[in-house]
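Notes follow the structure.
The values are calculated or read from the model by the stated rules, or taken from the named source; none is laboratory data. Quantities reported herein were computed from a predicted structural model and do not represent experimental measurements. A quick note on method: Cβ atoms are made from the backbone with ideal geometry, for glycine too, and the neighbour counts reach across all protein chains shown.
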Amino acid sequence: MLVRAHYQPYQVTFCTAWQSAQGRYRVRRGFLLRLETGQGIRGYGECAPLPAAGTETLAAAAVILQAVVPDCAGESVAAAAARLDGLSNTPAVRYALETALLDICAREQAMPLYRWLAPDSAGRVVVNGACGCLDAGFEGRLGQALSRGYRTVKIKLGVYPPDEELQRLERLHLPNGISLRLDANRAWSFNQAAHAIEVCSRLPVESLEEPLQAPELATLRLLQQRAPFPLALDESLTDRFADTPADELPVTRLVLKPTALGGVLPLLKRARCAQQAGMESVVTSTLETSTGLWAAVHAGAALGNHLAHGLGTAEWFKNPDPALYPVQGVLDIGQQTQAGLPAPAGNSISQ
């Protein structure tokens, strides 16, 4: 039985403003959720809405949290879990509640969450370096990422004119073995995207996310046929193609965000469907603080592939949880012996 259910807001500051084609952010706001059983087992979840990524607004999340969370006290874990079905329109809230409940389940079984989700998982998550957009500080961030051992670095495109960004990409001096993960955040027309793919075919590009302003299956198919690297869908998975079966998607990669998809379990289900359709998947954060990011890392470990996941975003915040800093581009959570998720630390609010 749950005897306590509590949430409270937080606000944390970015070390450097986060900028993409969808906007510029200096602070991150959300809510931290804590559930507690009669045996004193606590489960934590984070609700970090980001409408640009396909979630509800912060205000909408606050309304639903107020309506749902207090009523969880006095319910069984199973009864609280039954509430998840009614939260599909507020995926960030659903992620928070689902995470807290999964955390309790893993703690009750005295195992880390990734092992509760996937018993055979090694708990090793390869991570890409998040270098932001091609602004004045990019070269410094790229140098730091390379010095920390990242082999895949992610760059946000669509912030500046396409030709200018492509010229900057072509001027980059990269060591051998370093690959670029590009994200246009639906900023380009078809012709702009086709030109970008032509230019990027001469560069060590690992993948290109969301190239089209108005993605359609037919135009994406044409672009994927031209591209010698995977095209990926991210935001489109929660709006334009939310109901499109995996085997009808004409790209070869999905970018899965638990905050936007409504939780770890929907993410893993989507990844299994993608794998059956011959596609690969990566797990990516939505700029959550430590609680939400830890849950996403455990989801990446449960997924168990060898791709670099977009989970190296802790360093963008002031006072992050140091355990979320990848070492040589890897988060090795297989060394964790504690049950459940790590308790909130670093940039999250106190217990």
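Identify all residues within the stretch 2-13 that are surrounded by fewer than 16 Cβ atoms within 10 Å (Cβ to Cβ) and at pLDDT below 95; write none if there are none.
So the first thing to find is which residues in the stretch 2-13 are surrounded by fewer than 16 Cβ atoms within 10 Å (Cβ to Cβ), and the list is 3-4, 6, 8-9, 11, 13.
Passing the criteria: GLN11, THR13.
Residues GLU56, GLU36, GLU46: which one is at pLDDT 95 or above and under 13 Å from LEU287 (Cβ atoms)?
Working: GLU56 fails: under 13 Å from LEU287 (Cβ atoms); GLU36 fails: under 13 Å from LEU287 (Cβ atoms).
Matching residue, one of GLU56, GLU36, GLU46: GLU46.
Pairs under 8 Å by beta carbon, first residue touching a residue at least 24 places away in the same chain (Cβ under 8 Å) and within 15 Å of LEU267 (Cα to Cα) in the stretch 75-98, partner outside any loop (DSSP other than H, G, I, E, B) and of a type in the set (Ser, Thr, Tyr), six or more apart or different chains?
Cβ pairs passing all conditions: PRO91/THR259; ALA92/THR259; TYR95/THR259; ALA96/TYR7.
I'd like to verify a number: residues in the stretch 239-274 that are of a type in the set (Ser, Thr, Tyr) and not in a loop (DSSP other than H, G, I, E, B), how many?
Qualifying residue count, the stretch 239-274: 1.
Given the conditions (1) more than 20 Å from SER281 (Cβ to Cβ); (2) surrounded by 16 or more Cβ atoms within 10 Å (Cβ to Cβ), and given that LEU102 satisfies all but one, which numbered condition is not satisfied?
Here LEU102 clears every test but (1).
Would you confirm whether or not the stretch 212-228 contains a residue that is surrounded by 17 or more Cβ atoms within 10 Å (Cβ to Cβ), within 27 Å of ASN89 (Cβ to Cβ) and in contact (Cβ under 8 Å) with a residue 40 or more places away in the chain?
The answer is no; no qualifying residue exists.
Tell me whether the stretch 326-346 contains one or more residues that are acidic (Asp, Glu) and in a helix (DSSP H, G or I). Before you say what the answer is, go through the steps one by one.
Of all residues in the stretch 326-346, those acidic (Asp, Glu) come to 332.
Applying the additional criterion that residues be in a helix (DSSP H, G or I) yields none.
Checked against the condition, which is being acidic (Asp, Glu) and in a helix (DSSP H, G or I), the stretch 326-346 yields no hits at all.
Might you check whether a residue that is part of a helix (DSSP H, G or I), without any contact (Cβ under 8 Å) to a residue 24 or more places away in the chain, on the phi < 0 side of the Ramachandran plot and not β-branched (Val, Ile, Thr) occurs anywhere in the stretch 275-295? So that I can check it myself, show each step before the final result.
Quick first cut of the stretch 275-295, residues part of a helix (DSSP H, G or I) only: 275-276, 290-295.
With without any contact (Cβ under 8 Å) to a residue 24 or more places away in the chain added as a condition, the list becomes 275.
Going one step further and asking which of them are on the phi < 0 side of the Ramachandran plot, we end up with 275.
Filter again for not β-branched (Val, Ile, Thr), leaving 275.
The answer is yes; a qualifying residue exists.
From the list ASN319, ASN305, pick out the single residue that is surrounded by fewer than 20 Cβ atoms within 10 Å (Cβ to Cβ), at pLDDT below 95, in contact with a Ser or Thr (Cβ under 8 Å, 6 or more places away or on another chain) and more than 29 Å from ASN89 (Cα to Cα). Give the derivation first.
Values: ASN319 fails: in contact with a Ser or Thr (Cβ under 8 Å, 6 or more places away or on another chain).
Matching residue, one of ASN319, ASN305: ASN305.
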